[in-house]
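Inspection log for the structure reproduced underneath, given as C-alpha coordinates.
The values are calculated or read from the model by the stated rules, or taken from the named source; none is laboratory data. Because the structure is a prediction, the values reported are computed rather than measured. Here the Cβ positions follow ideal geometry from the backbone for every residue, glycine too, while neighbour counts run over all protein chains shown. Just so you know, the surface numbers come from the protein's heavy atoms only, side chains and all, with ligands and any DNA or RNA stripped out. Shrake-Rupley method; radii C 1.70, N 1.55, O 1.52, S 1.80 Å.
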Amino acid sequence: MPVDQIGDVYVAGRWRTSGSERRTAVVDPTTEDPLAEVVSADAADVDAAVRAADAVARDWGATPVVERCRLVVRLAEEIERRASGLTETITRENGTPVAESAHAPTTAAAHLRHCAEVGPSLFAEDVRPNPMAPGDTLVQRRPLGVAGLITPWNYPLSLIVVKLGPALVAGCPVVIKPAAETPLAARMLMDAVEAAGLPAGVVNLVTGDGATGQALVEHPLVRTISFTGSTAVGRSIGEACGRALRPVVLELGGKSPALVLDDADPEVIARSILKVSMRNTGQTCKACTRLIVPNTRRGEIVDLVADVVSSAPLGDPFDPSTFFGPLVSARQRDRVLGYLESGHAEGAKAVVGGGTPAGRDRGFFVEPTVFDDVTPSMRIAREEIFGPVLSVLGYDGLDEGVALANDTPYGLAATIFSRDEGRAAAVAVRIEAGTIGINHYGSNAAAPFAGHRDSGLGVEFGLEGIEEYLALTSVHRLPRG
Ligand code: NAD
(Lines give C-alpha, C1' and ligand atoms only; values in the text may rest on other atoms or scores of the structure.)
Protein backbone atom coordinates (compact mmCIF):
# COMPACT_ATOMS: atom_id res chain seq x y z
CA MET A 1 0.00 0.00 0.00
CA PRO A 2 1.42 3.44 -0.87
CA VAL A 3 2.31 5.46 2.19
CA ASP A 4 1.02 9.02 2.52
CA GLN A 5 3.75 11.55 1.83
CA ILE A 6 3.08 14.63 3.94
CA GLY A 7 5.35 17.51 3.10
CA ASP A 8 3.55 20.57 4.38
CA VAL A 9 3.44 22.65 7.52
CA TYR A 10 0.62 24.88 8.80
CA VAL A 11 1.68 28.51 8.65
CA ALA A 12 -0.39 31.70 8.64
CA GLY A 13 -3.66 29.82 8.24
CA ARG A 14 -2.73 27.56 5.34
CA TRP A 15 -0.80 24.42 4.52
CA ARG A 16 2.49 25.45 2.93
CA THR A 17 4.91 23.10 1.20
CA SER A 18 8.09 22.66 3.16
CA GLY A 19 11.45 22.89 1.46
CA SER A 20 12.85 20.29 3.85
CA GLU A 21 13.79 16.94 2.39
CA ARG A 22 13.86 15.21 5.74
CA ARG A 23 10.91 12.91 6.46
CA THR A 24 10.04 10.86 9.53
CA ALA A 25 8.08 7.63 9.20
CA VAL A 26 4.94 7.41 11.31
CA VAL A 27 4.33 3.76 12.11
CA ASP A 28 1.23 2.00 13.41
CA PRO A 29 2.59 0.43 16.60
CA THR A 30 -0.01 -2.33 16.57
CA THR A 31 0.72 -3.64 13.07
CA GLU A 32 4.15 -2.07 12.44
CA ASP A 33 2.75 -0.86 9.09
CA PRO A 34 3.93 2.57 7.94
CA LEU A 35 1.14 5.14 8.15
CA ALA A 36 2.81 8.19 6.62
CA GLU A 37 6.10 9.87 5.90
CA VAL A 38 5.85 13.29 7.50
CA VAL A 39 8.16 16.21 6.87
CA SER A 40 10.66 17.22 9.52
CA ALA A 41 10.39 20.97 9.20
CA ASP A 42 13.67 22.82 8.74
CA ALA A 43 14.87 26.14 10.09
CA ALA A 44 13.22 28.02 7.18
CA ASP A 45 9.82 26.48 8.01
CA VAL A 46 10.25 27.28 11.68
CA ASP A 47 11.26 30.82 10.80
CA ALA A 48 8.16 31.24 8.57
CA ALA A 49 5.89 29.88 11.31
CA VAL A 50 7.39 32.07 14.02
CA ARG A 51 7.23 35.16 11.80
CA ALA A 52 3.59 34.40 10.96
CA ALA A 53 2.83 34.22 14.68
CA ASP A 54 4.87 37.33 15.45
CA ALA A 55 3.06 39.27 12.71
CA VAL A 56 -0.28 38.80 14.49
CA ALA A 57 1.00 38.94 18.07
CA ARG A 58 0.04 42.56 18.61
CA ASP A 59 -3.47 42.18 17.14
CA TRP A 60 -4.18 38.92 18.93
CA GLY A 61 -2.92 40.34 22.22
CA ALA A 62 -5.14 43.42 21.71
CA THR A 63 -8.22 41.35 20.85
CA PRO A 64 -10.61 41.61 23.83
CA VAL A 65 -10.18 38.62 26.10
CA VAL A 66 -13.89 37.76 25.82
CA GLU A 67 -13.47 37.43 22.06
CA ARG A 68 -10.37 35.27 22.46
CA CYS A 69 -12.34 33.12 24.88
CA ARG A 70 -15.26 32.86 22.47
CA LEU A 71 -12.89 31.47 19.84
CA VAL A 72 -11.37 29.05 22.35
CA VAL A 73 -14.87 27.73 23.10
CA ARG A 74 -15.46 27.43 19.34
CA LEU A 75 -12.26 25.39 19.15
CA ALA A 76 -13.61 23.10 21.89
CA GLU A 77 -16.75 22.58 19.79
CA GLU A 78 -14.77 21.82 16.65
CA ILE A 79 -12.65 19.30 18.55
CA GLU A 80 -15.82 17.60 19.78
CA ARG A 81 -17.17 17.49 16.23
CA ARG A 82 -14.03 15.61 15.20
CA ALA A 83 -14.02 13.35 18.27
CA SER A 84 -14.25 10.03 16.48
CA GLY A 85 -11.59 10.95 13.90
CA LEU A 86 -9.24 12.24 16.58
CA THR A 87 -9.77 9.16 18.75
CA GLU A 88 -9.06 6.87 15.82
CA THR A 89 -5.96 8.81 14.81
CA ILE A 90 -4.54 8.81 18.34
CA THR A 91 -5.02 5.06 18.63
CA ARG A 92 -3.63 4.46 15.16
CA GLU A 93 -0.45 6.50 15.56
CA ASN A 94 0.21 5.99 19.27
CA GLY A 95 -1.40 2.61 20.04
CA THR A 96 -3.42 4.16 22.88
CA PRO A 97 -6.31 1.83 23.74
CA VAL A 98 -9.60 3.42 22.60
CA ALA A 99 -10.94 3.11 26.14
CA GLU A 100 -8.38 5.85 26.88
CA SER A 101 -8.17 7.79 23.59
CA ALA A 102 -11.97 8.18 23.40
CA HIS A 103 -11.70 10.57 26.35
CA ALA A 104 -9.03 12.74 24.73
CA PRO A 105 -11.36 15.01 22.69
CA THR A 106 -13.81 15.44 25.57
CA THR A 107 -11.15 16.25 28.14
CA ALA A 108 -9.43 18.59 25.65
CA ALA A 109 -12.73 20.41 25.12
CA ALA A 110 -13.37 20.58 28.87
CA HIS A 111 -9.92 22.06 29.40
CA LEU A 112 -10.45 24.70 26.71
CA ARG A 113 -13.85 25.66 28.14
CA HIS A 114 -12.35 25.97 31.60
CA CYS A 115 -9.61 28.30 30.31
CA ALA A 116 -12.24 30.42 28.58
CA GLU A 117 -14.35 30.55 31.72
CA VAL A 118 -11.67 31.57 34.20
CA GLY A 119 -9.24 33.46 31.94
CA PRO A 120 -11.07 36.82 31.79
CA SER A 121 -10.65 37.29 35.56
CA LEU A 122 -6.92 37.73 34.99
CA PHE A 123 -7.61 40.82 32.93
CA ALA A 124 -10.02 42.50 35.35
CA GLU A 125 -8.91 45.94 36.50
CA ASP A 126 -6.30 45.53 39.23
CA VAL A 127 -5.61 48.79 41.08
CA ARG A 128 -3.41 48.70 44.18
CA PRO A 129 -3.15 51.61 46.60
CA ASN A 130 0.48 52.45 47.32
CA PRO A 131 1.38 51.81 51.01
CA MET A 132 4.72 53.66 50.59
CA ALA A 133 3.65 56.93 48.98
CA PRO A 134 0.58 58.77 47.70
CA GLY A 135 -1.02 57.41 44.54
CA ASP A 136 -1.80 53.96 43.26
CA THR A 137 -0.65 51.42 40.73
CA LEU A 138 -2.46 49.80 37.87
CA VAL A 139 -1.22 46.22 37.53
CA GLN A 140 -1.49 44.89 34.01
CA ARG A 141 -1.09 41.38 32.69
CA ARG A 142 0.22 41.38 29.15
CA PRO A 143 0.69 38.45 26.77
CA LEU A 144 4.34 37.47 26.46
CA GLY A 145 4.18 37.15 22.67
CA VAL A 146 4.93 34.16 20.45
CA ALA A 147 4.86 30.89 22.42
CA GLY A 148 6.64 27.75 21.21
CA LEU A 149 4.78 24.62 22.33
CA ILE A 150 6.77 21.37 22.20
CA THR A 151 5.09 18.08 23.12
CA PRO A 152 5.81 14.34 23.42
CA TRP A 153 3.94 11.41 21.87
CA ASN A 154 2.18 9.78 24.80
CA TYR A 155 -1.02 11.89 24.72
CA PRO A 156 -0.88 13.38 21.20
CA LEU A 157 -3.89 15.70 21.51
CA SER A 158 -4.25 16.46 25.22
CA LEU A 159 -0.68 17.56 25.83
CA ILE A 160 -0.94 20.14 23.04
CA VAL A 161 -4.33 21.43 24.13
CA VAL A 162 -3.27 21.99 27.75
CA LYS A 163 -0.74 24.48 26.40
CA LEU A 164 -2.79 25.87 23.52
CA GLY A 165 -5.87 26.89 25.55
CA PRO A 166 -3.95 28.92 28.16
CA ALA A 167 -1.73 30.54 25.50
CA LEU A 168 -4.69 31.63 23.38
CA VAL A 169 -6.68 32.97 26.33
CA ALA A 170 -3.61 34.87 27.51
CA GLY A 171 -3.26 36.44 24.05
CA CYS A 172 -0.17 34.61 22.77
CA PRO A 173 0.01 33.27 19.22
CA VAL A 174 1.69 29.88 19.05
CA VAL A 175 3.91 27.59 17.02
CA ILE A 176 3.29 23.94 17.89
CA LYS A 177 5.95 21.24 17.46
CA PRO A 178 4.44 17.82 18.22
CA ALA A 179 6.46 14.61 18.63
CA ALA A 180 7.78 13.06 15.41
CA GLU A 181 6.07 9.76 16.33
CA THR A 182 2.56 11.33 16.54
CA PRO A 183 2.07 14.27 14.16
CA LEU A 184 -1.27 13.16 12.68
CA ALA A 185 -3.63 14.12 15.51
CA ALA A 186 -1.85 17.48 15.68
CA ARG A 187 -2.49 17.99 11.97
CA MET A 188 -6.16 17.17 12.50
CA LEU A 189 -6.24 19.73 15.29
CA MET A 190 -5.34 22.39 12.69
CA ASP A 191 -8.59 21.61 10.83
CA ALA A 192 -10.43 22.34 14.08
CA VAL A 193 -8.42 25.56 14.53
CA GLU A 194 -9.40 26.69 11.04
CA ALA A 195 -13.07 25.75 11.44
CA ALA A 196 -13.21 27.56 14.78
CA GLY A 197 -12.33 30.80 12.97
CA LEU A 198 -9.10 31.56 14.78
CA PRO A 199 -7.35 34.31 12.82
CA ALA A 200 -4.64 33.12 10.42
CA GLY A 201 -1.22 33.10 12.07
CA VAL A 202 -2.48 32.69 15.63
CA VAL A 203 -1.91 28.91 15.56
CA ASN A 204 0.90 27.40 13.47
CA LEU A 205 2.21 23.85 13.27
CA VAL A 206 5.65 22.53 12.34
CA THR A 207 6.11 18.76 12.45
CA GLY A 208 9.51 17.20 12.98
CA ASP A 209 12.06 15.81 15.36
CA GLY A 210 14.38 17.27 17.97
CA ALA A 211 16.19 19.43 15.40
CA THR A 212 12.90 21.13 14.51
CA GLY A 213 12.19 21.66 18.20
CA GLN A 214 15.65 23.10 18.73
CA ALA A 215 15.19 25.57 15.87
CA LEU A 216 11.97 26.73 17.55
CA VAL A 217 13.62 27.11 20.96
CA GLU A 218 16.47 29.11 19.45
CA HIS A 219 14.36 31.43 17.31
CA PRO A 220 14.88 35.00 18.55
CA LEU A 221 11.23 36.02 18.06
CA VAL A 222 9.91 33.25 20.33
CA ARG A 223 9.13 34.86 23.68
CA THR A 224 8.34 31.79 25.74
CA ILE A 225 8.63 28.02 25.49
CA SER A 226 6.31 25.45 27.02
CA PHE A 227 7.81 22.00 26.82
CA THR A 228 6.56 18.58 27.89
CA GLY A 229 8.95 15.68 27.56
CA SER A 230 11.95 14.01 29.07
CA THR A 231 14.06 15.54 31.80
CA ALA A 232 17.21 15.31 29.65
CA VAL A 233 15.74 17.35 26.78
CA GLY A 234 13.99 19.65 29.26
CA ARG A 235 17.34 20.48 30.84
CA SER A 236 18.85 21.44 27.49
CA ILE A 237 15.83 23.59 26.61
CA GLY A 238 16.00 25.18 30.05
CA GLU A 239 19.66 26.02 29.46
CA ALA A 240 18.90 27.61 26.08
CA CYS A 241 16.03 29.63 27.55
CA GLY A 242 18.21 30.64 30.48
CA ARG A 243 20.86 32.01 28.12
CA ALA A 244 18.19 33.94 26.22
CA LEU A 245 16.50 35.05 29.49
CA ARG A 246 13.24 33.67 28.14
CA PRO A 247 10.49 32.28 30.38
CA VAL A 248 10.05 28.54 30.10
CA VAL A 249 7.66 25.92 31.43
CA LEU A 250 9.08 22.41 31.66
CA GLU A 251 6.77 19.44 32.35
CA LEU A 252 9.19 16.53 32.62
CA GLY A 253 9.55 12.94 33.70
CA GLY A 254 8.79 11.16 36.93
CA LYS A 255 9.26 8.04 39.01
CA SER A 256 6.28 8.54 41.22
CA PRO A 257 5.38 6.51 44.31
CA ALA A 258 2.12 4.81 45.24
CA LEU A 259 2.43 4.62 49.02
CA VAL A 260 0.20 2.03 50.65
CA LEU A 261 -0.46 2.73 54.34
CA ASP A 262 -0.99 -0.18 56.70
CA ASP A 263 -4.75 0.44 56.87
CA ALA A 264 -5.29 0.60 53.08
CA ASP A 265 -8.41 -1.01 51.65
CA PRO A 266 -7.43 -3.83 49.27
CA GLU A 267 -10.58 -3.36 47.21
CA VAL A 268 -9.67 0.28 46.57
CA ILE A 269 -6.16 -0.72 45.51
CA ALA A 270 -7.55 -3.40 43.21
CA ARG A 271 -9.97 -0.92 41.64
CA SER A 272 -7.49 1.85 40.96
CA ILE A 273 -3.99 0.39 40.63
CA LEU A 274 -4.12 0.05 36.83
CA LYS A 275 -5.08 3.70 36.35
CA VAL A 276 -2.69 4.86 39.03
CA SER A 277 0.34 2.96 37.74
CA MET A 278 -0.12 1.71 34.21
CA ARG A 279 -2.48 4.04 32.36
CA ASN A 280 -1.83 4.26 28.61
CA THR A 281 0.28 1.08 28.81
CA GLY A 282 2.48 2.79 31.37
CA GLN A 283 3.35 5.66 29.02
CA THR A 284 2.12 8.31 31.41
CA CYS A 285 4.40 10.85 33.06
CA LYS A 286 2.50 10.81 36.32
CA ALA A 287 2.19 7.01 36.56
CA CYS A 288 2.94 5.91 40.12
CA THR A 289 5.27 3.06 39.26
CA ARG A 290 6.92 2.44 42.63
CA LEU A 291 4.45 0.57 44.80
CA ILE A 292 5.65 1.08 48.37
CA VAL A 293 3.97 -1.37 50.73
CA PRO A 294 4.22 -2.21 54.44
CA ASN A 295 6.15 -5.45 54.81
CA THR A 296 3.40 -6.68 57.15
CA ARG A 297 0.98 -6.72 54.19
CA ARG A 298 3.39 -7.27 51.36
CA GLY A 299 2.40 -10.81 50.33
CA GLU A 300 -1.30 -9.96 50.26
CA ILE A 301 -0.82 -6.77 48.23
CA VAL A 302 1.63 -8.29 45.75
CA ASP A 303 -0.82 -11.15 45.10
CA LEU A 304 -3.70 -8.75 44.64
CA VAL A 305 -1.81 -6.45 42.26
CA ALA A 306 -0.41 -9.41 40.32
CA ASP A 307 -3.93 -10.68 39.88
CA VAL A 308 -5.28 -7.34 38.64
CA VAL A 309 -2.39 -6.74 36.22
CA SER A 310 -2.41 -10.25 34.76
CA SER A 311 -6.19 -10.12 34.24
CA ALA A 312 -6.20 -6.79 32.36
CA PRO A 313 -6.72 -7.46 28.64
CA LEU A 314 -3.73 -6.87 26.34
CA GLY A 315 -4.13 -6.66 22.60
CA ASP A 316 -5.75 -4.69 19.81
CA PRO A 317 -6.05 -1.09 21.04
CA PHE A 318 -9.19 -0.68 18.93
CA ASP A 319 -10.97 -3.28 21.05
CA PRO A 320 -12.85 -1.30 23.73
CA SER A 321 -12.04 -3.90 26.39
CA THR A 322 -8.26 -3.63 25.88
CA PHE A 323 -6.31 -2.04 28.71
CA PHE A 324 -2.75 -2.70 27.50
CA GLY A 325 -1.90 -1.83 23.89
CA PRO A 326 1.48 -1.73 22.19
CA LEU A 327 4.15 0.80 23.10
CA VAL A 328 4.52 3.70 20.70
CA SER A 329 7.63 2.54 18.83
CA ALA A 330 10.23 -0.18 18.44
CA ARG A 331 12.63 2.16 20.23
CA GLN A 332 10.36 2.50 23.24
CA ARG A 333 9.69 -1.25 23.32
CA ASP A 334 13.42 -1.97 23.29
CA ARG A 335 14.00 0.58 26.02
CA VAL A 336 11.38 -1.05 28.23
CA LEU A 337 12.68 -4.55 27.49
CA GLY A 338 16.11 -3.27 28.53
CA TYR A 339 14.65 -2.30 31.91
CA LEU A 340 13.02 -5.72 32.27
CA GLU A 341 16.41 -7.33 31.67
CA SER A 342 18.01 -5.02 34.18
CA GLY A 343 15.34 -5.92 36.77
CA HIS A 344 16.01 -9.63 36.29
CA ALA A 345 19.78 -9.11 36.35
CA GLU A 346 19.68 -7.04 39.56
CA GLY A 347 17.70 -9.73 41.38
CA ALA A 348 14.11 -8.46 41.31
CA LYS A 349 11.43 -11.14 41.01
CA ALA A 350 8.89 -10.81 38.19
CA VAL A 351 5.62 -12.06 39.69
CA VAL A 352 3.79 -11.12 36.49
CA GLY A 353 5.23 -10.70 32.99
CA GLY A 354 8.88 -9.86 32.56
CA GLY A 355 9.34 -10.13 28.80
CA THR A 356 7.59 -10.14 25.44
CA PRO A 357 4.04 -11.55 25.25
CA ALA A 358 3.84 -14.98 23.63
CA GLY A 359 2.19 -15.31 20.24
CA ARG A 360 2.59 -11.69 19.15
CA ASP A 361 4.91 -11.49 16.23
CA ARG A 362 3.75 -8.02 15.20
CA GLY A 363 3.34 -4.85 17.19
CA PHE A 364 5.51 -3.22 19.82
CA PHE A 365 4.03 -5.15 22.76
CA VAL A 366 5.70 -5.91 26.06
CA GLU A 367 4.29 -7.90 28.93
CA PRO A 368 2.77 -5.85 31.74
CA THR A 369 5.15 -6.62 34.57
CA VAL A 370 5.13 -6.53 38.36
CA PHE A 371 8.53 -6.86 40.01
CA ASP A 372 8.69 -7.80 43.67
CA ASP A 373 11.85 -7.80 45.83
CA VAL A 374 12.92 -4.47 44.38
CA THR A 375 15.55 -2.58 46.37
CA PRO A 376 15.93 1.20 46.26
CA SER A 377 19.24 1.14 44.38
CA MET A 378 18.01 -0.93 41.42
CA ARG A 379 17.61 0.87 38.11
CA ILE A 380 13.95 -0.21 37.97
CA ALA A 381 13.44 1.65 41.25
CA ARG A 382 15.28 4.80 40.20
CA GLU A 383 14.79 5.46 36.48
CA GLU A 384 11.68 6.35 34.54
CA ILE A 385 10.77 3.31 32.43
CA PHE A 386 7.70 4.68 30.62
CA GLY A 387 6.12 1.29 30.10
CA PRO A 388 3.81 -1.09 32.01
CA VAL A 389 6.26 -1.98 34.76
CA LEU A 390 5.51 -1.75 38.46
CA SER A 391 8.28 -2.08 41.05
CA VAL A 392 7.26 -3.16 44.57
CA LEU A 393 9.36 -2.00 47.52
CA GLY A 394 8.65 -2.94 51.13
CA TYR A 395 8.91 -0.76 54.25
CA ASP A 396 8.82 -1.11 58.02
CA GLY A 397 7.24 1.86 59.77
CA LEU A 398 5.66 4.91 58.16
CA ASP A 399 8.80 7.04 58.32
CA GLU A 400 10.64 4.53 56.17
CA GLY A 401 7.69 4.42 53.75
CA VAL A 402 7.73 8.21 53.39
CA ALA A 403 11.52 8.23 53.00
CA LEU A 404 11.28 5.64 50.21
CA ALA A 405 8.52 7.63 48.49
CA ASN A 406 10.80 10.70 48.51
CA ASP A 407 13.92 8.74 47.51
CA THR A 408 13.97 10.01 43.92
CA PRO A 409 15.28 13.09 42.14
CA TYR A 410 11.82 13.53 40.61
CA GLY A 411 8.76 15.16 42.19
CA LEU A 412 5.87 14.85 39.78
CA ALA A 413 3.09 12.84 41.38
CA ALA A 414 2.16 10.40 44.15
CA THR A 415 -0.77 8.35 45.34
CA ILE A 416 -1.50 7.42 48.94
CA PHE A 417 -3.76 4.51 49.84
CA SER A 418 -5.44 4.55 53.25
CA ARG A 419 -8.93 3.96 54.65
CA ASP A 420 -8.44 7.14 56.68
CA GLU A 421 -8.50 10.20 54.42
CA GLY A 422 -7.29 12.49 57.19
CA ARG A 423 -4.29 10.29 57.85
CA ALA A 424 -3.54 10.09 54.12
CA ALA A 425 -3.74 13.89 53.87
CA ALA A 426 -1.28 14.23 56.75
CA VAL A 427 1.13 11.88 54.97
CA ALA A 428 0.62 13.82 51.70
CA VAL A 429 2.16 16.88 53.36
CA ARG A 430 5.38 14.91 53.76
CA ILE A 431 5.58 13.79 50.11
CA GLU A 432 7.63 15.91 47.71
CA ALA A 433 5.45 15.97 44.60
CA GLY A 434 3.42 18.44 42.55
CA THR A 435 0.20 16.42 42.54
CA ILE A 436 -0.96 13.80 44.98
CA GLY A 437 -4.00 11.54 44.79
CA ILE A 438 -5.69 9.92 47.75
CA ASN A 439 -6.94 6.42 46.92
CA HIS A 440 -6.90 7.26 43.22
CA TYR A 441 -5.02 9.52 40.86
CA GLY A 442 -6.98 12.15 38.98
CA SER A 443 -6.65 15.31 36.91
CA ASN A 444 -8.42 18.61 37.41
CA ALA A 445 -8.20 21.35 34.79
CA ALA A 446 -8.88 23.91 37.53
CA ALA A 447 -5.98 22.84 39.77
CA PRO A 448 -2.29 23.52 39.11
CA PHE A 449 -0.24 20.65 37.71
CA ALA A 450 3.44 21.18 38.36
CA GLY A 451 6.51 18.99 38.60
CA HIS A 452 8.89 19.66 41.47
CA ARG A 453 12.65 19.05 41.40
CA ASP A 454 13.76 17.08 38.29
CA SER A 455 10.15 16.87 37.13
CA GLY A 456 10.17 20.43 35.90
CA LEU A 457 9.56 24.12 36.29
CA GLY A 458 6.36 26.13 36.11
CA VAL A 459 2.71 25.17 35.98
CA GLU A 460 0.02 23.91 33.67
CA PHE A 461 -3.74 23.86 34.36
CA GLY A 462 -5.73 26.31 36.45
CA LEU A 463 -5.43 30.09 36.37
CA GLU A 464 -1.76 29.62 37.22
CA GLY A 465 -1.27 27.81 33.90
CA ILE A 466 -2.64 30.82 31.99
CA GLU A 467 -0.44 33.20 34.01
CA GLU A 468 2.63 31.44 32.62
CA TYR A 469 1.91 33.18 29.28
CA LEU A 470 1.59 36.65 30.83
CA ALA A 471 4.08 39.30 31.90
CA LEU A 472 3.31 41.78 34.66
CA THR A 473 3.56 45.53 34.17
CA SER A 474 2.90 48.03 36.97
CA VAL A 475 1.78 51.52 35.97
CA HIS A 476 2.28 53.93 38.91
CA ARG A 477 -0.10 56.90 39.14
CA LEU A 478 -0.11 60.07 41.21
CA PRO A 479 -3.13 60.81 43.37
CA ARG A 480 -5.96 62.17 41.27
CA GLY A 481 -8.00 65.29 41.86
P1 NAD B 1 11.46 13.79 24.48
O2 NAD B 1 12.00 14.70 25.52
O3 NAD B 1 12.39 12.90 23.76
O4 NAD B 1 10.71 14.64 23.35
C5 NAD B 1 9.68 15.54 23.65
C6 NAD B 1 9.56 16.56 22.52
O7 NAD B 1 10.75 17.34 22.45
C8 NAD B 1 9.39 15.94 21.14
O9 NAD B 1 8.52 16.77 20.39
C10 NAD B 1 10.81 16.01 20.57
O11 NAD B 1 10.86 16.02 19.15
C12 NAD B 1 11.28 17.34 21.13
N13 NAD B 1 12.73 17.49 21.23
C14 NAD B 1 13.67 16.51 21.35
N15 NAD B 1 14.91 17.07 21.45
C16 NAD B 1 14.73 18.42 21.42
C17 NAD B 1 15.62 19.54 21.52
N18 NAD B 1 16.93 19.39 21.68
N19 NAD B 1 15.09 20.78 21.47
C20 NAD B 1 13.75 20.96 21.34
N21 NAD B 1 12.87 19.94 21.24
C22 NAD B 1 13.35 18.68 21.28
O23 NAD B 1 10.29 12.98 25.20
P24 NAD B 1 9.41 11.79 24.64
O25 NAD B 1 10.24 10.55 24.61
O26 NAD B 1 8.72 12.24 23.38
O27 NAD B 1 8.29 11.68 25.79
C28 NAD B 1 8.44 10.96 26.94
C29 NAD B 1 8.83 11.87 28.11
O30 NAD B 1 7.86 12.90 28.30
C31 NAD B 1 8.86 11.11 29.43
O32 NAD B 1 10.03 11.45 30.13
C33 NAD B 1 7.63 11.63 30.16
O34 NAD B 1 7.70 11.54 31.56
C35 NAD B 1 7.55 13.04 29.69
N36 NAD B 1 6.20 13.57 29.90
C37 NAD B 1 5.99 14.51 30.89
C38 NAD B 1 4.71 15.01 31.13
C39 NAD B 1 4.46 16.03 32.21
O40 NAD B 1 3.43 16.71 32.15
N41 NAD B 1 5.33 16.20 33.18
C42 NAD B 1 3.64 14.57 30.35
C43 NAD B 1 3.88 13.62 29.37
C44 NAD B 1 5.17 13.14 29.15
Checklist entry - Ignoring the sites themselves, what is the longest stretch of the chain with no trypsin sites (Lys or Arg not before Pro) in a DSSP loop and at most 16 other beta-carbon atoms within 10 Å? => result 23-359
Checklist entry - For the Cα atoms of the chain, what angle does the longest principal axis make with the long axis of helix 83-94, in degrees from 0 to 90, nearest 10? => result 60
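With N set to the number of residues, divide the alpha-carbon radius of gyration of the chain by 2.2 N^0.38 Å and report two decimals. Walk me through the numbers before you get to the answer.
Working: Rg = 23.2 Å, N = 481, 2.2 N^0.38 = 23.0 Å.
The reported ratio for this selection is 1.01.
With a cut-off of at most 15 other beta carbons within 10 Å, and DSSP calling the residue loop, which GluC sites (Glu not before Pro) in region 1-106 qualify? Please list them. If you can, show how the numbers build up before the last one.
Numbers: sites: 21, 32, 37, 67, 77, 78, 80, 88, 93, 100; in loops: 21, 32.
Sites meeting the loop and neighbour criteria: 21, 32.
How high is the FRET efficiency from residue 262 to residue 99, r the C-beta distance, R0 41 Å, rounded to 0.05? Intermediate results must be reported in sequence, preceding the final value.
Numbers: r = 33 Å, r/R0 = 0.80.
Result of the calculation: an efficiency of 0.80.
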Checklist entry - Which values, in whole Å and largest first, are the semi-axes of the equivalent ellipsoid of region 257-444 obtained as the square root of 5 times each eigenvalue of the Cα gyration tensor? => result 26, 17, 15
Checklist entry - Angle between the Cα long axis of helix 184-196 and the longest principal axis of the chain, 0 to 90 degrees, nearest 10? => result 40
Checklist entry - Considering only the other residues whose Cβ falls under 13 Å of the Cβ of residue 444, what net charge follows from Lys and Arg at +1 and Asp and Glu at -1? => result -1
Item to check | Förster-model FRET efficiency, 25 Å R0, residue 296 and residue 270, C-beta, rounded to 0.05 | outcome: 0.85
Item to check | Pairwise label distance in nanometres, residue 375 with residue 429, each label 7 Å out on the Cα-Cβ vector | outcome: 3.5
Checklist entry - Which residues in region 260-282 have a backbone N closer than 17 Å to a point placed 7 Å from the Cα of residue 419 along the Cα-to-Cβ line? => result 260-271
Checklist outcome for this item: In region 279-425 the accessible area split gives carbon plus sulfur, as whole percent at 1.4 Å, a share of 48
Checklist entry - When the chain is fully extended, how far beyond the present Cα-Cα distance does residue 83 get from residue 58, taking 0.36 nm per residue of separation? => result 5.8 nm
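So, for region 364-451, what is the accessible surface per residue at a probe of 1.4 Å, expressed in square angstrom? Please list the in-between numbers first.
Details: 3180 Å² over 88 residues.
Per-residue value: 36 Å².
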Checklist entry - So what's the back-of-envelope 222 nm ellipticity for the chain, counting only DSSP H runs of four-plus at -39500 (n - 2.57) apiece and dividing by all residues, rounded to 500? => result -12000 deg cm²/dmol
Checklist entry - Between residue 310 and residue 33, what is the FRET efficiency for a Förster distance of 35 Å, r being their Cβ-Cβ separation, to the nearest 0.05? => result 0.75
Next on the checklist: Between residue 478 and residue 344, what is 0.36 nm times their sequence separation minus the Cα-Cα distance? Round to one decimal in nm.
Outcome noted: 41.1 nm
Checklist entry - Over the chain, what is the mean sequence separation of C-alpha contacts under 8 Å (at least six apart), divided by residue count, expressed as relative contact order in percent? => result 19
Checklist outcome for this item: Expressed as a percent, the accessible surface of region 43-94 that is carbon or sulfur, using a 1.4 Å probe and the full set of protein chains, is 50
Checklist entry - Cα axis of helix 266-278 to longest principal axis of the chain: angle in degrees, 0 to 90, nearest 10? => result 50
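Using 0.36 nm per residue of separation minus the Cα-Cα distance, give me the extension gain between residue 471 and residue 133 in nm, one decimal. Provide the component values of the computation, followed by the final result.
Working: separation 338, 0.36 × 338 = 121.68 nm, distance 2.45 nm.
Gain on extension, residue 471 to residue 133, equals 119.2 nm.
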Next on the checklist: Quick check for you: which residues of region 299-333 have the amide N under 19 Å from the point 7 Å beyond the Cα of residue 383 toward its beta carbon?
Outcome noted: 327-333
Next on the checklist: Checking the cross-link filter: which lysines have an alpha carbon closer than 24 Å to that of residue 275, excluding same-chain neighbours under 8 positions apart?
Outcome noted: 163, 255, 286, 349
